[in-house]
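Worksheet for the structure shown next.
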Amino acid sequence: DTGVSQDPRHKITKRGQNVTFRCDPISEHNRLYWYRQTLGQGPEFLTYFQNEAQLEKSRLLSDRFSAERPKGSFSTLEIQRTEQGDSAMYLCASSSGQGDYGYTFGSGTRLTVV
Amino acid sequence: RKEVEQDPGPFNVPEGATVAFNCTYSNSASQSFFWYRQDCRKEPKLLMSVYSSGNEDGRFTAQLNRASQYISLLIRDSKLSDSATYLCVVLPTSGTYKYIFGTGTRLKVLA
């Protein structure tokens, strides 16, 4: 395990469908984060977990979005009833609880809602 | 006012030039600061942390000015491979690990 893995890399879905993304963090990292990035913008915070506890959620995370990290390892992000405005890159990152050395990001899941 | 502001650029510079980016942040209690690099359609990668005393990593120098609430990144002797977007990142307060990203500054190094 050399990095953060995200699956799938790309997802095209029709408006109104549900989608689920998976993130596997670096194994010794206890914090896991989800961000969303659209073209020309920096990543925007969605939510983060410390172990299995979801500690903070952005107001961007409407009730159509839900994230889980059931055993404190991998995490899923589900978007229900997708809208065209949900089209973006969804980035997962992880960090350790020791010190403050920034995040390691996964390669992201690019979502296109048609 | 945005929490973290950067000039989006693009900055087009010739190879070998020195280029500097600034970033301002709004929360004076901000704790930690970083520069990330993002290549086109790739994930952001940590370039360097920014310390109060300033720090250098090869051709890259980062500075923090708490009084004026800005951080800077200086790149000397620019290479073609430095072409990327540089994201300024701030941890706004203690008790959270939610980093705030700027919109990024695009750099294009020209041959």
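For the reader, a short list of remarks on this structure follows.
- Meeting the requirement of 1 or more residues that are surrounded by 16 or more Cβ atoms within 10 Å (Cβ to Cβ) and of a type in the set (Val, Ile, Thr), the strands (runs of 3 or more DSSP E) wholly within chain B are B:4-6, B:11-14, B:19-25, B:45-50, B:60-65, B:70-75, B:84-91, B:105-110.
- Unmet criterion (only one of (1) more than 28 Å from B:Val4 (Cα to Cα); (2) part of a strand (DSSP E or B); (3) free of Cβ contacts under 8 Å to residues at least 60 places away in the same chain) for A:Thr2: (2)
- Looking only at the stretch A:95-114, and only at residues there that are modelled with pLDDT under 95 and of a type in the set (Ser, Thr, Tyr), the one that is surrounded by the most Cβ atoms within 10 Å (Cβ to Cβ): A:Tyr103
- Restricting attention to the stretch B:12-56, the residues being away from chain A (no Cβ under 13 Å), out of contact with any Ser or Thr (no Cβ under 7 Å at 6 or more places or on another chain) and charged (D, E, K, R) number 1.
- Count of residues meeting criterion [assigned to a loop (DSSP other than H, G, I, E, B), hydroxyl-bearing (Ser, Thr, Tyr) and away from chain B (no Cβ under 13 Å)] in the stretch A:15-50: 1
- Residue in the stretch A:99-110 that is within 12 Å of chain B (Cβ to nearest Cβ), out of contact with any strand residue (DSSP E or B) (no Cβ under 9 Å at 6 or more places or on another chain) and either over 25 Å from B:Trp35 (Cβ atoms) or not in a strand (DSSP E or B) (or both) present: yes
- Among (1) within 14 Å of another protein chain (Cβ to nearest Cβ); (2) in a loop (DSSP other than H, G, I, E, B); (3) not aromatic (Phe, Trp, Tyr), the one test that A:Arg81 misses: (1)
The values are calculated or read from the model by the stated rules, or taken from the named source; none is laboratory data. Source: prediction; values computed, not measured. We place every Cβ from the backbone using ideal geometry, glycine too, and count neighbours over all the protein chains shown.
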